[in-house]
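Everything on this sheet refers to the single structure shown next.
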Amino acid sequence: MRVVDNVAYGLIVSGTPKKTAHERAEATLAGVGLTGLSQRWPSELSGGQQQRVAVARALILEPAILLFDEPLSNLDARLRRQMREEIRALQQRLKLTVVYVTHDQSEALAVSDRIIVMNQGVIAQMGTPRELYERPANRFIAGFIGDANLLEGVLAADGQLALGALTVPSPRSDLAAGPVTVAVRPEAWRIGDAAAGTIAGKVVKAAYLGGYCEYTIATAQGEQFVISPDVRTLRVAGTDVALTLGETGIAIIPRE
């Protein structure tokens with residue numbers, strides 16, 4: 001079927017006159033940015049345009065809830081980002097409740113007002129994207145929502161958090177002093193030269209990714225995955241470095 005017939009199909013089979021169904025289909029296509037493409041065949045559309053036809057076909061039935069099940073899984077990275085933004089904008093404009101199922105954590109963080117993380121059929125945690133990223137309920141959530149380095153630390157009564165030779169302010173004030181598990185996001189690490197009060201390490205792996213560099217750094221606390229925005233200096237494998245922490249990207253995980 002051509003695009004307009006594809007979108008109007010649900011209305012036609014439910015008894016809506018074809019002329020009326022096509023008029024509503026044209027209006028719905030305009031709403032998802034496909035004006036002028038109603039007479040095209042599926043083979044004449046890009047992957048992103050085909051996805052928007054599928055959205056229009058669902059929207060024309062005026063659902064109370066719209067379900068997306070891995071909607072971007074067959075698209076390339078650039079198109080995934082574009083379609084993700086379009087889906088979010090569409091949801092905001094139409095004030096629809098959207099249930100969006102995905103295994104892509106960045107997609108979940110980008111499109112959601114509220115996230116439910118499932119682990120073996122059980123809800124592991126629910127909350128806003130920021131709550132799940134900054135205050136994971138357990139080790140599974142810390143490792144699932146974004147990358148995380150898990151370290152053992154000690155929380156002092158004065159609110160200071162000790163991670164080996166490194167001491168930083170605790171990101172939480174509601175926990176009792178004592179041993180804690182800490183999730184450190186890769187972007188929280190700062191790479192510098194050896195100095196007192198830092199964590200000594202040695203670069204094991206290094207990769208230049210254009211806008212940032214990725215490192216695996218061996219330390220006394222185990223290997224740390226580090227993302228650095230400093231692309232002017234690529235620290236090659238074997239380089240001795242020291243690690244400190246920024247003000248964000250640190251989360252204390254409650255003991256299970």
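The values are calculated or read from the model by the stated rules, or taken from the named source; none is laboratory data. Keep in mind the model is a prediction, meaning the values are calculated, not measured. Here the Cβ positions follow ideal geometry from the backbone for every residue, glycine too, while neighbour counts run over all protein chains shown.
Which of the following residues is crowded, with 16+ Cβ neighbours inside 10 Å and at pLDDT below 95: 238, 211, 249?
Unique residue meeting the criteria: 249.
Can you find a residue that is within 25 Å of residue 141 (Cα to Cα), part of a helix (DSSP H, G or I) and touching a residue at least 60 places away in the same chain (Cβ under 8 Å) anywhere in segment 188-202?
Checked against the condition, which is being within 25 Å of residue 141 (Cα to Cα), part of a helix (DSSP H, G or I) and touching a residue at least 60 places away in the same chain (Cβ under 8 Å), segment 188-202 yields at least one hit.
Being within 30 Å of the chain's Cα centre (by Cα) and at pLDDT below 90 is the filter here; which residues of segment 173-197 pass it? Show your work before the answer.
Of all residues in segment 173-197, those within 30 Å of the chain's Cα centre (by Cα) come to 173-175, 179-192.
173, 174, 175, 192, listed by residue number.
Scan segment 213-242 and report the pairs whose first residue is without any contact (Cβ under 8 Å) to a residue 60 or more places away in the chain and not assigned by TED's automatic domain parsing to the domain that holds residue 197 and whose second residue is of a type in the set (Phe, Trp, Tyr) and part of a strand (DSSP E or B), with Cβ atoms within less than 6 Å and a gap of 6+ or a chain change.
Listed by first residue and then by second, the contacts come to nothing, as the list is empty.
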